[in-house]
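Trainee: Let me begin by handing over the structure; questions about it come next.
The values are calculated or read from the model by the stated rules, or taken from the named source; none is laboratory data. The model shown is predicted, which means the values in this text are computed figures rather than measured ones. Counting neighbours? That spans all protein chains shown, and the Cβs are built from the backbone with ideal geometry, glycine included. These accessible areas exclude ligands, DNA and RNA; they are computed on the full protein's heavy atoms, side chains included. Shrake-Rupley method; radii C 1.70, N 1.55, O 1.52, S 1.80 Å.
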Amino acid sequence: MSQLPPSPRLNSAEAVAAHLDLLVTIDPRLSAVRDFAGPVQPRITQPGFPGIAKVITGQQVSVASAAAIWSRFEQLPGALDPVTYLSLSEAEVRGVGFSGSKFRTVRAIAEAMVAGQLDFDHLETLPAEDAVRYLVAHKGIGPWTAEVYLMFCAQHPDVFPAGDLALLKAVHHGLGLDARPTIRDMIGIAADWHPHRSAAALLFWRYFAVMRDREGILL
């Protein structure tokens, strides 16, 4: 059984590399994927309300679009605090590029935090599966949002967002599978990468980026 590296949280390039060293001993197929992808960096986002708002910003939009929307959103006075966010109007928030549903989701999260029903400090004490259940109990937060929050904002070492389209495409190509895996298939494949599933996700996101940038390669 794989052991955890000295720094289990994915909060540095060295920690990611240590997880990947162990991961390729679990699944030797990933050695070639790693060689092609090159160095893999962590993705670190501020935890708490700003972090979950940023993850929601990235739902169902391109990375470039999410970055542009977020850069405008974080400049709104009060946008990064749950109490002051509640004072913002829908028109103000949608003016930076939020959809109506994203405005309402972030508002529901702010309300839950103010009411003491959503505690991100408590969240970080929970095992991954329990943490996902804790988050998805709140309206507007689905599994992808919960899992990405845990990876980026809590640097959790053992989460794999199986519904992420880029990951599904990258695993299909990188492992030479006959067909793109379904979400259920992907959950089963990733289960074998425990307890390093977050490092596997970072690896395949990097793999996808390299493949996307190669001229003539379509995923």
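Trainee: Could you list, in sequence order, the residues of the range 46-63 that are more than 14 Å from Arg104 (Cα to Cα) and among the hydroxyl-bearing types (Ser, Thr, Tyr)?
Mentor: If the condition is that a residue be more than 14 Å from Arg104 (Cα to Cα) and among the hydroxyl-bearing types (Ser, Thr, Tyr), then Ser62 is the only one that fits.
Trainee: State whether the residues of the range 38-47 include one that is on the phi > 0 side of the Ramachandran plot, of a type outside the set (Lys, Arg), out of contact with any Cys (no Cβ under 6 Å at 6 or more places or on another chain) and open to solvent by 20 Å² or more (accessible area, probe 1.4 Å).
Mentor: Yes.
Trainee: Here's another thing I want to ask about it. For the list (1) of a type outside the set (Ser, Thr, Tyr); (2) touching a helix residue (DSSP H, G or I) at 6+ places or on another chain (Cβ under 7 Å); (3) more than 30 Å from Val210 (Cβ to Cβ), I need the number of the one condition that Lys54 fails.
Mentor: Result: Lys54 fails condition (3) only.
Trainee: Check Ala170, Ala154, Ala166 and return the single one that is modelled with pLDDT of 95 or more and either among the aromatic types (Phe, Trp, Tyr) or at negative phi (or both). Even if it seems obvious, please write down each step before you answer.
Mentor: Details: Ala154 fails: modelled with pLDDT of 95 or more; Ala166 fails: modelled with pLDDT of 95 or more.
None of the other options fit; the residue is Ala170.
Trainee: In the range 168-185, which residue that is among the hydrophobic types (A, V, I, L, M, F, W, C) and within 19 Å of Asp35 (Cβ to Cβ) is surrounded by the fewest Cβ atoms within 10 Å (Cβ to Cβ)? Working first, answer last.
Mentor: First, the residues of the range 168-185 that are among the hydrophobic types (A, V, I, L, M, F, W, C): 168, 170-171, 175, 177, 179, 183.
Next, only the ones that are within 19 Å of Asp35 (Cβ to Cβ) stay: 170-171, 175, 177.
On the way: Ala170: 26, Val171: 25, Leu175: 15, Leu177: 13.
Only one residue tops the list, namely Leu177.
Trainee: Quickly run through the range 155-165 and pick out the residues that are assigned to a loop (DSSP other than H, G, I, E, B) and farther than 19 Å from Thr105 by Cβ.
Mentor: Once the filter is applied, which keeps residues that are assigned to a loop (DSSP other than H, G, I, E, B) and farther than 19 Å from Thr105 by Cβ, the range 155-165 yields Gln155, His156, Pro157, Asp158, Val159, Phe160, Ala162.
Trainee: If you don't mind, another one. Tell me, which helices (runs of 4 or more DSSP H) wholly within the range 48-153 include 2 or more residues that are under 29 Å from Ile183 (Cα atoms) and open to solvent by 40 Å² or more (accessible area, probe 1.4 Å)?
Mentor: On the way: elements: 49-57, 63-73, 82-85, 90-94, 100-114, 120-123, 128-136, 143-152.
Filter on the range 48-153 gives 63-73, 100-114, 128-136, 143-152.
Trainee: To continue, here is another question. Quickly run through the range 23-37 and pick out the residues that are open to solvent by 50 Å² or more (accessible area, probe 1.4 Å) and not small (Gly, Ala, Ser).
Mentor: Of everything in the range 23-37, those that are open to solvent by 50 Å² or more (accessible area, probe 1.4 Å) and not small (Gly, Ala, Ser) turn out to be Thr25, Ile26, Pro28, Arg29, Arg34, Asp35, Phe36.
Trainee: While we're on this one: Among all residue pairs at least 6 apart or on different chains, which show Cβ distances below 6 Å where the first residue, located in the range 139-152, is within 13 Å of Gly58 (Cα to Cα) and the second is of a type in the set (Lys, Arg)?
Mentor: Pairs found: Phe152/Arg43.
Trainee: I'd like the full set of residues that are without any contact (Cβ under 8 Å) to a residue 24 or more places away in the chain and farther than 15 Å from Trp205 by Cα, limited to the range 16-30. Full working, then the answer.
Mentor: Restricting attention to the range 16-30, the residues satisfying the condition of being without any contact (Cβ under 8 Å) to a residue 24 or more places away in the chain are 17-18, 21, 24-25, 28.
Result: Ala18, Asp21, Val24, Thr25, Pro28.
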